[in-house]
Amino acid sequence: MCYAGAKYYTYTLKIGYCSMAVYPSCPIYRIPDKLSLFGQRLVDTGWLEFEQMLQVERESRQSNESVITSVERLIGRPLSADVKQMYKQLSLFELKLLHCVEPFVFENSGITINQVSELIDTLIPIDICRRYRLVPLFKIEHGPTSLLVAMVNPNDLAAQDDLNRILRPQGLLLKRLVIPVEDYQQIISQYLDNQFDQQKQLDLQSKFDSKADLDELEYLGLEEIIDDANVDLKIALTDGEAEPVVALVNKILVQALQEEVSNIHVEPQKEYLRIRFRKYGVLRDAVDPLPKKIIPAVTARLKVIADLDILEKCSPQTGKIYRIFDGRKIEFDVSTLPSRCGEGIVLTLVNRSLPPVSLENIFPHSSSRQSVQEMIAHSHGLLLVVGVPGSSKITTLYSLLAQRNTVDSRIITFEEVVQYFLEGITQVQLPIENRKDYINACLRQDPDIVLIDELCDRQTTEIAINAARSKCLVLSTINASNPVMAVQQLLDMGIEPYRFNRSLIGVIGQHLLRKLCEECRIAYTPLSEERVRFGISETNPEETFYRANSLHPQEIKTTKAEGTLCQNCCRVGYKGQIAVHEILRMSPVLQQLLIQKPSVEAFHATAQAEGMQTYLDNGFELARQGLTSLDELEQLLKHQY
């Protein structure tokens with residue numbers, strides 16, 4: 001067996017590899033016209049052409065990126081689990097042949113990340129691990145005391161020298177294993193994640209005392225501050241040398257992130273600066289009013305870290321702020337607007353790291369969920385998601401995409417701003433001025449499913465409809481508050497009904513309601529006028545609904561001082577949001593009716609007769625279950641009907 005292996009090894013060296021003298025910096029020393037075993041297997045099985053695979057392996061070696069990742073990006077879809085397992089096995093085999101060192105596989109080793117973390121913290125510093133791409137595994141006590149180290153390149157002499165310099169004073173010998181780069185990256189990422197968790201500071205949930213910072217504010221200079229997108233906000237808060245305004249802005253950002261708000265409003269008033277947070281669609285004061293003299297400094301600080309022109313005060317500007325918080329990369333969209341009292345600034349939190357929400361969470365009603373699943377299963381057609389701004393339409397679209405994101409589906413998205421990252425699909429940042437060219441180019445890429453962020457003009461809409469009629473499934477949004485108005489919007493664009501009446505699969509209307517806090521909600525029986533307003537049956541007069549146990553801001557302060565504040569919602573009465581839907585599925589009757597260009601009222605009445613689930617029906621069932629209140633439902637109806 002050993003002899004056979006040795007013969008194969010010699011053969012592989014002659015054909016598949018070159019000497020270190022020729023390619024001294026190449027991690028795997030292949031001659032340019034030969035593929036790895038895995039690459040040759042992909043070519044043989046038809047995944048890629050020879051030249052494509054050759055280019056993938058060259059680029060992978062130059063960028064230190066996984067071959068799997070490079071291949072998946074090229075073909076636009078994920079490789080199967082069997083192919084990935086084959087890559088793992090062949091890579092380990094090649095690594096063993098190349099380095100003459102036994103391979104290490106983290107998932108099969110039984111070694112925990114805590115064991116590795118302890119060795120990094122006490123013996124091999126993290127900067128050494130990252131510089132040479134290695135991880136310490138465990139100490140070998142029997143025989144000569146040794147440290148087992150897994151290395152991406154165990155033949156790196158500089159790495160061996162530095163390790164021996166660290167280990168010899170400890171009486172330890174170096175034992176090497178070779179580790180796939182993917183396993184190394186996984187271990188280091190887990191270690192860094194644990195470090196972020198361990199570095200969490202004291203609980204900052206309570207409101208900060210802004211006056212303590214302002215007491216130090218003798219002079220507010222507007223000189224530019226050197227800024228870094230990699231600033232960790234938690235660490236920045238502990239910087240005793242930070243300028244008061246810098247510290248104040250950091251605290252505002254931290255509080256907003258901890259309270260999971262969606263927007264920060266910085267609003268200059270005539271005599272003071274107002275800071276408000278929007279959470280679950282509702283605005284509230286975040287801090288006590290700040291003195292007028294701080295307005296220019298706070299505005300300038302926010303514009304500097306958003307990379308905006310601080311000298312331009314007469315025109316609106318947009319920018320972005322990047323920060324790190326709790327180990328996550330945070331992004332704020334920043335918008336400025338000149339006003340009579342100064343520049344108003346709104347920061348919108350963008351979280352691209354969140355995975356798509358499951359359909360079960362978005363559509364709690366089984367009947368609604370079943371309708372949506374049946375619509376998304378179509379091979380071609382147009383499916384729209386509509387709603388007022390802030391109703392999380394793109395979240396729902398990505399959840400629908402996740403349902404179809406399989407190895408046999410080619411998915412391309414077009415968005416002005418990519419809001420989520422979904423592995424296995426192609427996401428395109430779509431310039432406003434070249435929408436037509438980009439989308440037409442996409443349709444030549446043989447997609448099965450296309451997502452367009454918005455049908456904002458007739459030209460884009462016609463392209464989408466043409467693609468949906470026979471080529472692929474198109475998902476998009478349109479500027480409308482409910483499904484019937486969405487259909488009317490298509491007609492108002494000048495799209496003839498015969499062009500889309502059969503390709504339109506359906507329209508999902510979505511609105512977000514605040515979700516009642518389950519810890520402090522109050523049960524009550526609706527009054528007779530409420531029963532009449534919402535059509536609640538009198539057959540069960542004792543039927544229980546729930547309302548929010550909300551307090552005014554001053555009452556919250558008093559309750560907090562008494563120690564009786566609800567810890568779940570801080571006596572706001574609501575915790576989280578829940579989606580309410582109006583689902584229109586096109587039927588032959590509605591298709592025929594569209595040809596006549598009916599009025600909104602006539603189309604709405606026919607759609608209801610054809611089984612359209614309305615906001616009122618959907619929301620009332622949520623209120624009956626105690627998930628939201630009739631007050632929230634009434635606010636919804638004011639905006640919709």
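Brief remarks on what is shown
- Scanning the range 247-269 for residues that are among the hydrophobic types (A, V, I, L, M, F, W, C) and in a loop (DSSP other than H, G, I, E, B) yields a single hit, 261.
Residue-by-condition table, conditions (1) modelled with pLDDT of 65 or more; (2) under 15 Å from residue 629 (Cα atoms):
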| residue | (1), (2) |
| --- | --- |
| 536 | yes, yes |
| 539 | no, no |
| 542 | yes, no |
| 546 | yes, yes |
| 550 | yes, yes |
| 554 | no, no |
| 561 | no, no |
| 565 | yes, no |
| 572 | yes, yes |
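- Exactly one residue out of 160, 170 is more than 20 Å from residue 191 (Cα to Cα), crowded, with 16+ Cβ neighbours inside 10 Å and not hydroxyl-bearing (Ser, Thr, Tyr): that is 160.
- All positions within the range 586-641 that are part of a helix (DSSP H, G or I) and among the acidic types (Asp, Glu): 601, 617, 621, 631, 632, 634
- All conditions but one from (1) at pLDDT 85 or above; (2) open to solvent by less than 60 Å² (accessible area, probe 1.4 Å) apply to residue 316; the one that does not is (2).
- Residue that is modelled with the highest pLDDT, among those in the range 97-109 that are open to solvent by 90 Å² or more (accessible area, probe 1.4 Å) and at negative phi: 102
- Flag for residue 505 being of a type in the set (A, V, I, L, M), closer than 24 Å to residue 444 by Cβ and open to solvent by less than 50 Å² (accessible area, probe 1.4 Å): yes
For (1) open to solvent by less than 80 Å² (accessible area, probe 1.4 Å); (2) without any contact (Cβ under 8 Å) to a residue 12 or more places away in the chain, each residue gets a yes or a no:
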position	(1), (2)
284	yes, no
302	yes, no
311	no, yes
320	yes, no
324	yes, no
337	no, no
362	yes, no
370	no, yes
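- Residue within the range 621-639 that is among the hydroxyl-bearing types (Ser, Thr, Tyr), in contact (Cβ under 8 Å) with a residue 40 or more places away in the chain, touching an Asp or Glu at 6+ places or on another chain (Cβ under 9 Å) and open to solvent by less than 10 Å² (accessible area, probe 1.4 Å) present: no
- Which listed residue, of 529, 518, 582, is at pLDDT 75 or above, open to solvent by 60 Å² or more (accessible area, probe 1.4 Å) and either under 29 Å from residue 398 (Cα atoms) or polar (S, T, N, Q) (or both): 518
- Qualifying residue in the range 373-396 (condition: within 28 Å of residue 299 (Cα to Cα) and open to solvent by 20 Å² or more (accessible area, probe 1.4 Å)): yes
- The lone exception for residue 346 - which of (1) over 22 Å from the mean Cα position of the chain (by Cα); (2) at pLDDT 90 or above; (3) under 30 Å from residue 451 (Cβ atoms); (4) open to solvent by 30 Å² or more (accessible area, probe 1.4 Å) it fails: (1)
- Failed criterion for residue 315 (all others in (1) small (Gly, Ala, Ser); (2) within 30 Å of the chain's Cα centre (by Cα); (3) outside any helix (DSSP H, G or I) hold): (2)
- Evaluation of residue 432 against the conditions (1) at pLDDT 90 or above; (2) β-branched (Val, Ile, Thr); (3) within 25 Å of the chain's Cα centre (by Cα) shows that the sole unmet condition is (1).
- Only one of the numbered conditions (1) loosely packed, with under 14 Cβ neighbours inside 10 Å; (2) at pLDDT 85 or above; (3) within 30 Å of residue 280 (Cα to Cα); (4) not polar (S, T, N, Q) is violated by residue 612, and that is (1).
- Among all positions in the range 41-58, there is no residue which is over 32 Å from the mean Cα position of the chain (by Cα) and at pLDDT below 75.
- Residue under evaluation residue 38, criteria (1) at pLDDT 75 or above; (2) surrounded by 15 or more Cβ atoms within 10 Å (Cβ to Cβ); (3) closer than 24 Å to residue 156 by Cα, criterion not met: (3)
- Residue in the range 45-54 that is open to solvent by less than 30 Å² (accessible area, probe 1.4 Å), more than 14 Å from residue 188 (Cβ to Cβ), without any contact (Cβ under 8 Å) to a residue 40 or more places away in the chain and assigned to a loop (DSSP other than H, G, I, E, B) present: yes
- Residue 89, sole failed condition from (1) touching a residue at least 24 places away in the same chain (Cβ under 8 Å); (2) in a helix (DSSP H, G or I): (1)
- The range 173-185, subset more than 16 Å from residue 95 (Cβ to Cβ) and not charged (D, E, K, R), residue least open to solvent (accessible area, probe 1.4 Å): 174
- Filtered residues of the range 59-72 (kept if at pLDDT 75 or above and open to solvent by 30 Å² or more (accessible area, probe 1.4 Å)): 69
- Looking across the range 404-460 at every residue that is under 15 Å from residue 382 (Cβ atoms) and among the aliphatic types (A, V, I, L, M), the one that is most open to solvent (accessible area, probe 1.4 Å) is identified as 443.
- Some residue of the range 411-425 being of a type in the set (Gly, Ala, Ser) and modelled with pLDDT under 90: yes
- Search result, residues across the range 455-467 that are out of contact with any helix residue (DSSP H, G or I) (no Cβ under 8 Å at 6 or more places or on another chain) and closer than 17 Å to residue 506 by Cα: 466
The values are calculated or read from the model by the stated rules, or taken from the named source; none is laboratory data. Everything numeric in this text was worked out from a predicted model, so none of it was measured. Heads up, the Cβs are rebuilt from the backbone with ideal geometry, glycines too, and the neighbour counts pull from every protein chain shown. Just so you know, the surface numbers come from the protein's heavy atoms only, side chains and all, with ligands and any DNA or RNA stripped out. Shrake-Rupley method; radii C 1.70, N 1.55, O 1.52, S 1.80 Å.
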